[in-house]
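> Here's a structure for you.
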């Protein structure tokens, strides 16, 4: 018998399967946000194996249908970026809440998950903090190399170091411990060391 949790995860994946943007894994194109969601769940399961269902859903849905709101639709600069991020958070939360209600969860459970996705009460809600930790760890493991290469190419190491420092600030002590235990390629480990020096 399929549980409500399994139904919601399948519904999230079905939506993310439609992503027009691709990531290449083992020479095969895969929908970008589908893979991202799978990375997020794998990280949560590895380091926080006893997580509740709200957090399991929030982690999988962190980027649900992310392509729906384009960065280009918002003004350039920091303010435009922050507005876009806030709107995305609301959109991801609302979309996930709807899927939960359609698949057997009550309003309270669905709203709890939406709060985690919106990262409300970051420092007092352990689930919101864990979502933040998982997102930062997935970035370091799977996306940092491409990100760093982009700025190394234009000789802007300062930007990379600043982003690592900002990422570090968002994480909990547990997140820091896990991050320091990751085996990163030498050039990335060197950048992290510089950022934390």
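> Condition first: surrounded by fewer than 15 Cβ atoms within 10 Å (Cβ to Cβ), under 18 Å from the mean Cα position of the chain (by Cα) and either farther than 19 Å from residue 69 by Cα or touching a residue at least 40 places away in the same chain (Cβ under 8 Å) (or both). Now tell me which residues in the range 19-29 satisfy that.
21
> Might you let me know whether the range 90-108 holds any residue that is without any contact (Cβ under 8 Å) to a residue 40 or more places away in the chain, closer than 24 Å to residue 165 by Cβ and not assigned by TED's automatic domain parsing to the domain that holds residue 179?
No, the range 90-108 contains no residue that is without any contact (Cβ under 8 Å) to a residue 40 or more places away in the chain, closer than 24 Å to residue 165 by Cβ and not assigned by TED's automatic domain parsing to the domain that holds residue 179.
> Which number in (1) closer than 12 Å to residue 59 by Cα; (2) assigned to a helix (DSSP H, G or I) marks the one condition that residue 119 misses?
For residue 119, the failing item is (2).
> Quick test of your reading of the structure: residue 155 fulfils all but one of (1) in the same structural domain as residue 191 (by TED's automatic domain parsing); (2) on the phi < 0 side of the Ramachandran plot; (3) without any contact (Cβ under 8 Å) to a residue 24 or more places away in the chain. Name the failing condition by number.
The one condition residue 155 does not meet is (2).
> Hey, can you tell me all the residues within the range 1-27 that are closer than 13 Å to residue 37 by Cβ, outside any helix (DSSP H, G or I) and in contact with a helix residue (DSSP H, G or I) (Cβ under 6 Å, 6 or more places away or on another chain)?
Correct list: 17, 19, 23.
> Condition first: farther than 22 Å from residue 47 by Cβ and outside any helix (DSSP H, G or I). Now tell me which residues in the range 138-197 satisfy that.
Once the filter is applied, which keeps residues that are farther than 22 Å from residue 47 by Cβ and outside any helix (DSSP H, G or I), the range 138-197 yields 154, 155, 156, 197.
> Assuming residue 49 fulfils every condition listed in (1) part of a loop (DSSP other than H, G, I, E, B); (2) surrounded by 16 or more Cβ atoms within 10 Å (Cβ to Cβ) apart from one, which condition is it?
(2)
> Out of contact with any strand residue (DSSP E or B) (no Cβ under 7 Å at 6 or more places or on another chain) and farther than 30 Å from residue 97 by Cα: does that describe residue 148?
In short, yes.
The values are calculated or read from the model by the stated rules, or taken from the named source; none is laboratory data. Everything numeric here is computed off the predicted structure, so don't read it as measured data. Counting neighbours? That spans all protein chains shown, and the Cβs are built from the backbone with ideal geometry, glycine included.
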